[in-house]
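A short worksheet on the structure shown next.
Bear in mind that the values in this text are calculations on the coordinates, not laboratory data. Model, not experiment: these values are computed from the prediction. Here Cβ is always computed from backbone atoms with ideal geometry, including for glycine, and neighbour counts include all displayed protein chains.
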There are 2 protein chains.
Amino acid sequence: MNIGVIGLGLIGGSLALAARKHIKGCVLYGEDQSEIHQNQAFELKIINHSLKPSNYSAMDLIILAIPVDASLEVVLPLLDQINDNTLLIDVGSTKSMICKKIELHPKRNQFLATHPIAGTEFSGPSAAFETLYSGKAQILCESNKTRPDLLEWAVQWFKNMGMQLQEMDPKEHDKHIAYVSHLSHISSFMLGKTVMEKEQDEKAIFDMAGSGFASTVRLAKSSPSMWTPIFEQNQANILEVLAEYIANLEEFKSLMEQKDFKSVYDKIQQTNSIKEILAGIN
Amino acid sequence: MNIGVIGLGLIGGSLALAARKHIKGCVLYGEDQSEIHQNQAFELKIINHSLKPSNYSAMDLIILAIPVDASLEVVLPLLDQINDNTLLIDVGSTKSMICKKIELHPKRNQFLATHPIAGTEFSGPSAAFETLYSGKAQILCESNKTRPDLLEWAVQWFKNMGMQLQEMDPKEHDKHIAYVSHLSHISSFMLGKTVMEKEQDEKAIFDMAGSGFASTVRLAKSSPSMWTPIFEQNQANILEVLAEYIANLEEFKSLMEQKDFKSVYDKIQQTNSIKEILAGIN
């Protein structure tokens, strides 16, 4: 079985490693626009061969794991070039635009839209690891539009990797993910920015930063090339969520200004029930 | 050597365990206003005996590890009751008010203001562990006002625990810690609140939350009893920092509204340099 991976970063690289583990006799082809990453992927034995457009039609499976703006650009020509039995799996963090983009393509039923809920703040092939997806959620969108035999194969592979599958409408996906992923990133980027701006001349402060600070700004290390297109594609949902977050911060600030610490206590206590929710997250 | 610990939670309990490890032949006395915590501290062998006001004068060292509002209330009567060679160490997250409170007490030179930069989002004696402070920063305030022999003993103990000592003015401490600790907590509490409000009837969403969300809202599990008094005592600094954070979020929102994703990219990229800063944090 020939598997092509377009984009050899954390996400694509880890899928390649998981394919090597779980799909017997597979041969991995890969491409990355960065020559450094392409070479690293060879060195780390993530891929066996370079993937070129001339190989697309020889692939049984192609995984599209590049920033979501680039995916939108390449997905139609890619569908044009694959053979009649190739499965094309997209793994981007936004789902509405890409599902819309391919809806009328004659090979629509060879496409599967997924969002594996897994990642770290690191990027590139060196960040990839085989077990990234084990125990993680895998969102499938419009899987009823994927050819049953191709879908069945993919579902079995995801299950073999230990993923928990969930079907979701693309618009619902984009709305919900704005809360539990995109907002976290913005909150973290801006927290990092606020502290760095203030403290750029005061090195001492970072000696005072503990694990709590490190945890809340961890995501501020995330790649702008990956995240800017996500924010662009999910602009409307994110603006709504961001407005709610700012309103909550303003309310908290107002309570502190009024010295209403009884209400501050209550708000913290209410939020503590997030414990039970987090207990279910890997 | 008799050591009394007032407050047997994560911070006090871990100091008791570290004392048992690093101070030969010490006998540990402890008190907690929660009977459950008091009993847990016995069961977990954190303390040997109950600490009562009638024992205070028999202690060589007393550690004050209760919420910062309670510390302000008890610190003067406590200084009144200790003997002429007892060292009283406070470990709260705000330093200006307590240093001001005790400045004119006749036993001022038996008091040492510290802020060990260590903790987790968990609380109570069961959260305590012996190595919590290993490799962590320990801020000392106005240590020149502490009797040299008592200070020297404390410094040696902190070093034996593997802490990295740093002297800081109490006002400077409170200003800086607002950025690297207090703001992180508020950002996390409000992130948790925003998501929970929106998604309370939509259980599905939390299945979509990954480790990034878990990381940014981890601190939202923190205790309101501990944090509300900190926010109250450091109100002025926190309001300033919170206003800057909200302004940064508003600016980010405005860039997204204007679809200026070039600037969004630049802001993320600038913040990425937090990597180097975080690399130094345990």
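For the range A:89-188, how big is the tail of P(r) above 23 Å, as a whole percent of Cα pairs? Each step should come with its number before you reach the end.
Working: 1460 of 4950 pairs.
When every Cα pair of the range A:89-188 is considered, 29 percent fall beyond 23 Å.
What per residue convex hull volume, in Å³, do the alpha-carbon atoms of the range B:172-278 yield? Don't jump to the answer; show the numbers that get you there.
Working: hull volume 15.2 nm³, N = 107.
That works out to 142 Å³ per residue.
So what's the Cα pair-distance distribution over chain B, bin width 10 Å, in %?
6, 25, 33, 20, 11, 5, 1
Convert 20 °C to kelvin, take the viscosity as 1.002 mPa s, use the Kirkwood radius over C-alpha pairs of the range A:2-168 as Rh, and evaluate the Stokes-Einstein diffusion coefficient in µm²/s, rounded to a whole number. Mind dumping the intermediate values first?
Numbers: Rh = 15.6 Å.
In µm²/s, the coefficient is 138.
For the range A:2-168, what is the percent of antiparallel DSSP beta bridges, rounded to the nearest 5? Please list the in-between numbers first.
On the way: 4 of 26 bridges.
Approximately 15 percent, going by the DSSP bridge assignments.
Using r as the Cβ-Cβ distance of A:Cys26 and A:Leu165, and R0 as 22 Å, what FRET efficiency do you calculate, to the nearest 0.05?
Values: r = 21 Å, r/R0 = 0.96.
My answer for the efficiency is 0.55.
What average number of partner chain Cβ atoms lie no more than 10 Å from the Cβ of the residues making up A:256-265? All intermediate terms of the calculation are to be shown ahead of the outcome.
Values: counts 9, 3, 0, 2, 0, 7, 1, 1, 8, 7.
Mean shielding by partner chains, rounded to a whole number: 4.
In whole percent, what relative contact order does chain B give with Cα contacts below 8 Å and a gap of six or more residues? Show your work: numbers first, answer last.
Numbers: 420 pairs, mean separation 48.4, N = 282.
Computed over chain B, the figure is 17 percent.
Before anything else, pin down the relative contact order of the range A:153-282: Cα pairs under 8 Å, at least 6 apart, normalised by residue count, whole percent.
Values: 43 pairs, mean separation 34.4, N = 130.
For the range A:153-282, the relative contact order is 26 percent.
What does the helix-only formula give at 222 nm for the protein assembly as shown: each DSSP H stretch with n ≥ 4 adding -39500 (n - 2.57), the total divided by the residues, and the result rounded to the nearest 500 deg cm²/dmol?
Numbers: 26 runs with 281 residues, N = 564.
My calculation for the protein assembly as shown gives -15000 deg cm²/dmol from helical runs alone.
If amide hydrogens are placed 1.01 Å from N in the peptide plane, which non-local residues have theirs closer than 5 Å to the one on B:Asn2?
Residues meeting the criterion, in which the H sits 1.01 Å from N, are B:Val27, B:Asp60, B:Leu61.
What does the charge count near A:Lys52 come to, summing +1 for each Lys or Arg and -1 for each Asp or Glu among other residues with Cβ under 15 Å from its Cβ? Let's see the in-between values first.
Values: positive: none; negative: A:Glu31, A:Asp32, A:Glu35.
Summing Lys/Arg as +1 and Asp/Glu as -1 gives -3.
Taking the simple approach of a point 7 Å from Cα along Cα-to-Cβ for both A:Ala236 and B:Leu76, what is their distance in nm?
So the two model labels end up 6.2 nm from each other.
Once you have the Cα-Cα distance between B:His105 and B:Ile36, take 0.36 nm times their residue separation minus that, and quote the gain in nm to one decimal. Could you put the intermediate results ahead of the total?
Numbers: separation 69, 0.36 × 69 = 24.84 nm, distance 3.38 nm.
Between B:His105 and B:Ile36, full extension yields an extra 21.5 nm.
Run the numbers on the range B:52-179 and let me know its relative contact order in percent, using alpha-carbon pairs under 8 Å that are six or more apart.
Details: 187 pairs, mean separation 27.8, N = 128.
Relative contact order for the range B:52-179 comes out at 22 percent.
Can you compute the modelled spin-label distance between B:Asp266 and B:Asp207, with each label point 7 Å from Cα toward Cβ, in nm?
4.3
Counting only trypsin sites (Lys or Arg not before Pro) that are in a DSSP loop and have at most 15 other C-beta atoms within 10 Å, tell me the longest site-free stretch of chain A.
Result, exposed sites excluded: A:46-202.
Count charges around B:Ser14 for me, please; just the other residues with Cβ under 12 Å from its Cβ, Lys/Arg as +1, Asp/Glu as -1.
On the way: positive: B:Arg20, B:Lys21, B:Lys136; negative: B:Glu130.
Summing Lys and Arg as +1 and Asp and Glu as -1 gives +2.
Going through the cross-link list A:Lys221/B:Lys198; A:Lys136/B:Lys198; A:Lys275/B:Lys100; A:Lys24/A:Lys159; B:Lys24/B:Lys136, which pairs have a Cα-Cα distance over 25 Å in this structure?
Values: A:Lys221/B:Lys198 27 Å; A:Lys136/B:Lys198 23 Å; A:Lys275/B:Lys100 37 Å; A:Lys24/A:Lys159 15 Å; B:Lys24/B:Lys136 22 Å.
Result: A:Lys221/B:Lys198; A:Lys275/B:Lys100 exceed 25 Å.
If r is the Cβ-Cβ distance from B:Ser126 to B:Ser225 and R0 is 25 Å, what FRET efficiency results, to the nearest 0.05?
On the way: r = 16 Å, r/R0 = 0.65.
Efficiency, rounded to the nearest 0.05: 0.95.
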